[in-house]
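The values are calculated or read from the model by the stated rules, or taken from the named source; none is laboratory data. Being a predicted model, the structure only gives us computed values, none of them experimental. FYI the Cβ positions are ideal-geometry reconstructions off the backbone, even for glycines, and counts take in every protein chain you see. Areas reflect the complete protein model, heavy atoms only, side chains present, ligands, DNA and RNA absent. Shrake-Rupley method; radii C 1.70, N 1.55, O 1.52, S 1.80 Å.
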Amino acid sequence: KDPLIFAISVALIFVFTTMVFLVYDWAVQRRQWMIIRAARKTQAIVSSLFPKNVQDRIMKDVDEEVNREANGPLITRGNRTKDQLQNFLKGKEATTDGVEGEGAKRSKPIADLFPEATIIFADIVGFTAWSSTREPSQVFQLLETIYHVFDEIANRRRVFKVETVGDCYVAVAGLPEPRKDHAIVMARFARDCLMQFTSTVKAMVVELGPDTEELGVRIGLHSGPVTAGVLRGERARFQLFGDTVNTTARMESTGIPNKIHVSQETADLLAAAGKSQWLRTRKEKVVAKGKGELQTYWLYFTGENGT
């Protein structure tokens, strides 16, 4: 009945209610910020692993799954993006509510056949013996430096780096964006990598020892159809499959250090593009499993900068 007590009570209730709303709003904002940060981190991971058009297809599939939960709270839907992405990349079966098990549907893999592409395998010759006498940090310093140089050339030439397997660098031209000049682009990429490799190992002699300059790079190129896509699992990756990959590996393994070894198919494409002056016939033929003897070529560059 006392007006003062009543007014104080109302004021305290108002302050308490305001504080509750402020705390709730802060919690919501913090939760949303965490979701945005996780989404950006996830996007960065996807961007580092897959080519642009594959990224778009992955995120489209994930968004479709998340949008099926449109009736749920915004925060819940946002948090589900990461879960759906992880399920997709691991190839797990999941229902729209994220529960695996009976009634679940496996998402369709992302894979395509590219009828025209050129692949490169570039292997560091002498690396095993060299690395056996070096500290682990020196081994990684060499690989990181060389691969960084190759990556910069790939970005400039619009060549897609697939992976590095030990001391072997694998890249492809003609996918994920098809292009008619894939053989020429890859030939120039190989030339640039060879020249930059030589200058890079010479520059690292002071840090890594005099025998670093003795390292070489053996390069093989082959052109043909390639099956490519996202191989899902615990460590999802964009991978290449098919006979073209195997033949490229054969071109590399039967090559000579500091030379670019190309198959008949790649040579035919270069000749058809008016680049026959780049080719020198290899005298001895290469024996490939399941293919017999193959005529191959050495790649030289005349009329352009480089050797």
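Using a 1.4 Å probe on the protein chains only, how many percent of the accessible area of the range 115-195 belongs to carbon and sulfur?
55
I'd like the FRET efficiency for Val165 and Ser276, computed as 1/(1 + (r/R0)^6) with the beta carbon distance as r and R0 of 45 Å, rounded to 0.05.
Once rounded, the FRET efficiency stands at 0.90.
Work out, step by step, the length gained on full extension between Glu144 and Trp33: first 0.36 nm times the residue separation, then minus their alpha carbon distance; give nm to one decimal.
36.6 nm
Could you list, in their original order, any pairs among Lys180/Lys291; Lys180/Lys285; Lys161/Lys275; Lys202/Lys289 whose Cα atoms are separated by more than 30 Å?
Beyond 30 Å between Cα atoms: Lys202/Lys289.
Under a crude label model (7 Å from the Cα following the beta-carbon direction), how far is Ser199 from Ile13 in nanometres?
Once both label points are built, they end up 7.9 nm from each other.
For Phe160, Phe301, what's the largest-to-smallest order of accessible area, 1.4 Å probe?
Result of the area sort, largest leading: Phe160, Phe301.
Could you compute the FRET efficiency for Gln264 and Glu213, with r as their C-beta to C-beta distance and R0 at 51 Å, rounded to 0.05?
0.90
Under the classification rounded if a/c is under 1.5, otherwise prolate if a/b is larger than b/c and oblate if not, where does the range 207-307 fall, given a ≥ b ≥ c as square roots of the Cα gyration tensor eigenvalues?
Here the range 207-307 falls in the oblate category.
Nearest-5 percent of antiparallel DSSP beta bridges in the range 173-307?
80
Normalising by the residue count of the range 201-307, find the relative contact order in percent from Cα pairs under 8 Å and 6+ residues apart.
Relative CO of the range 201-307 lands at 23 percent.
Measuring from label point to label point, each 7 Å out along Cα→Cβ, what is the Tyr300 to Asp243 span in nm?
Label-label distance for Tyr300 and Asp243, simple model: 3.2 nm.
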